[in-house]
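Read-outs: derived from the displayed coordinates by stated rules, not from any lab. Owing to the predicted nature of the structure, the values given are computational and were not obtained by experimental measurement. Reconstructed Cβ throughout: ideal geometry from the backbone, glycine too, with neighbour counts over all protein chains shown.
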Amino acid sequence: MSRAVAIEVSHLGKTYDKVRAVDDLSFQVYAGEIFGLLGPNGAGKSTTLRILITLLHPTSGSATILGMDSVKEADRVRKTIGYVPQERAIDRFLTGREHLELLADLYHLSPEDASRRIPQLLKLVELEQQADRPAKTYSGGMKRKLDIACGLLPDPKILFLDEPTLGLDVQSRLRIWDHVRAMRERGITVVMTTNYLDEADQLCDRIAIIDGGRIKALGAPNELKVGLGGDLVSLTVREHDRVELLAAAVKNLPAIRAVTTTPTGLDIRVDSPEKALPAILDAANRLTCQLEFIDYHRPRLDDVFIAHTGRSIKDDQPKAESP
Amino acid sequence: MKEYWQEIRALTMRWVRRLSREKFSMLFTLVQPMLFWLIFFGNLFQRAADMQVTQASSYISFLTAGVIVMTVLNNGLAGGVDLLFDKENGFLERLMSTPIHRTSVILSRFIFVMTITSLQVLVILGVAWLFGVQPVTGLLGVATILFIGMMFGVGLTAISMAMAFSVKSHGDFFSVLGFLSLPMIFLSSALVPLAAMPGWMGFLAQFNPMTWAIDAVRPLILHGWAEALPHVVMVIGVMVLFDALCLYGGARAFRRAIG
């Protein structure tokens, strides 16, 4: 499937004080998709975003936004993109409407265009009632909505969101997700950073997993999960000395892909659980190997993350025992 | 050009709006220098100050020039504070992601600080007038005073903005600010003429651009054009140099932070 490319990133690198924040990054963002940069704090995703919105110059490589270079044609890039920074980037003394009025002038909208678009946007993000109250009276969710209205004001072709739901309650998060999906419906390409796995999984069409300034995996969340190879059955075995015996027996059963020994039992990758599970239990019975616990799940994005980075997104230290 | 003006006007209006929302802050900003220094300090030292030394009919009339330049100093040095907060909470980034000319934000800040400072200088002259101090050089003299104040203010605001763009935290910013402000005032001719200072203080005060500004503003208020003119010419020369240095440093800090 060949699709129009909105953003082309090629061998991008950024070094701060001899630390490589971003290291040889290459990827494409297709027009009309929601593209997520997923990674823990300090992985380099915000740096990448800042280069794409022209606020940082790359040390090496290049980024092209709708065919325009992020450094040489920065001013033209800025005219075609919208940016939603993290929640705090709000002037507490200005009202919601005044934020939009200010940005309308910065995007050089005519007074007629501004007075037409601002009420539309306030309506879109459901802030009409609070439009004339200073932003310091807004809740976190309301500030976020105002942010999104600000990002949409220039009628951008591409919208960049930096951690759009960081620190929001569940309901506000779901609202923001709806808004982001609505943008895709309107044909806007969305690029966002996140360190929430469920957000990347449910909202993004494609994600790039970034860790240590490098891309570890790239693709649709489902592709990435399937790529791990099969569903996972984890067994906790009561008698640890039986584990090797069971592993040997399970290996030759039908619909089994791979078997790995864990400290408490076995991790078994299976192709079809309905065939594999009875066979596994059967084998355990035959060997009179008592099972303490059986866990079965489809691969989750956490598994993808761990498989590609060697650690969980919440961990700060790599796991010692991981391959 | 039309777009540039649209940006600058909108950004300047933002500063005005912010100030008008902070009513108490506005009141104290406007009232503090004249209340503390001119009214209290001026009257407090009325009898303690020797007229032979100050060469003025009253201490308040001597002090007026100093209070005016002090106000320029304080406003200028604090001129970058709002940009510092904008930088820290990410608002600056939001502004910079829009297709504005890179200098608009800075220029709007200069316009705003200069306007507020000029208004304050006029208020100070008004309060001094209530205490019987009338600038002998008339309206043209007042205009000259405003001009000198703005020239000094531009350089100071540039220093402040350069600091705002360079410091790691706002704690650093306010420490430096507090460290600069009072010595600048004491090591100048604001409160006492240079001739009456201990030698070493007088020596240091000569290198303080504030002294030059005060020495030009004071004769404009007290003595008349004949005495003031050479000082005015001198201070304009000094300020051109001072502003050039500060703007150069400011531009470098800005480019490093935003570039």
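Key figures
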| item | result |
| --- | --- |
| Efficiency of FRET between A:E223 and A:K275 - r from beta-carbon atoms, R0 22 angstrom, step 0.05 | 0.40 |
| Extreme residue, positive dipole direction of the protein assembly as shown, given options B:C246, B:L119, B:H223 (C-beta unit charges) | B:H223 |
| Cα-only radius of gyration and Dmax that characterise the stretch A:30-127, units Å | 15.9, 44 |
| Efficiency of FRET between B:E227 and A:F93 - r from beta-carbon atoms, R0 41 angstrom, step 0.05 | 0.35 |
| Relative contact order, percent, chain A [alpha-carbon distance under 8 Å, six or more residues apart] | 18 |
| Cα-derived Rg over Rh, computed across the protein assembly as shown with Rh taken as Kirkwood radius | 1.15 |
| Under 20 Å from the B:R252 label point (7 Å along Cα→beta-carbon), backbone N, the stretch B:62-103 | B:80, B:103 |
| Per-peptide average of other Cβ atoms within 10 Å, ordering B:164-170, B:209-215, B:111-117 highest first | B:209-215, B:111-117, B:164-170 |
| Sites A:K79 and A:R257, calculated FRET efficiency, Cβ-Cβ separation with R0 45 Å, nearest 0.05 | 0.30 |
| C-alpha center-to-center spacing [the stretch A:169-183, the stretch A:118-137] in angstrom | 17 |
| Shielding of A:103-115 by partner chains, average beta-carbon count, 10 Å | 4 |
| The stretch A:136-258: relative contact order as a whole-number percent, Cα under 8 Å and 6+ apart | 16 |
| For the stretch A:127-178: rounded, prolate or oblate by the Cα gyration tensor [a/c cutoff 1.5] | oblate |
| Simple Cβ-charge dipole of the stretch A:5-221, Lys/Arg +1 and Asp/Glu -1, about Cα centre, in debye nearest 20 | 180 |
| Value of relative contact order over the stretch A:188-234, rounded to a whole percent, pairs C-alpha under 8 Å and six or more apart | 24 |
| Estimated distance in nm for a label pair at B:M1 and A:I294, the labels positioned 7 Å out from Cα along Cα-to-Cβ | 8.2 |
| For the stretch A:229-298, average projected area of the Cα convex hull in nm² | 3.9 |
| Zero-based 5 Å bins, Cα pair distances in the stretch A:5-221, whole percents | 1, 7, 15, 19, 20, 16, 12, 7, 2, 0 |
| Equivalent ellipsoid, the stretch A:37-89 (semi-axes from 5 times Cα gyration tensor eigenvalues, Å) | 20, 15, 9 |
| Dipole axis of the stretch B:1-141 (+1 Lys, Arg; -1 Asp, Glu on Cβ), positive-most option in B:N43, B:T54, B:L92 | B:L92 |
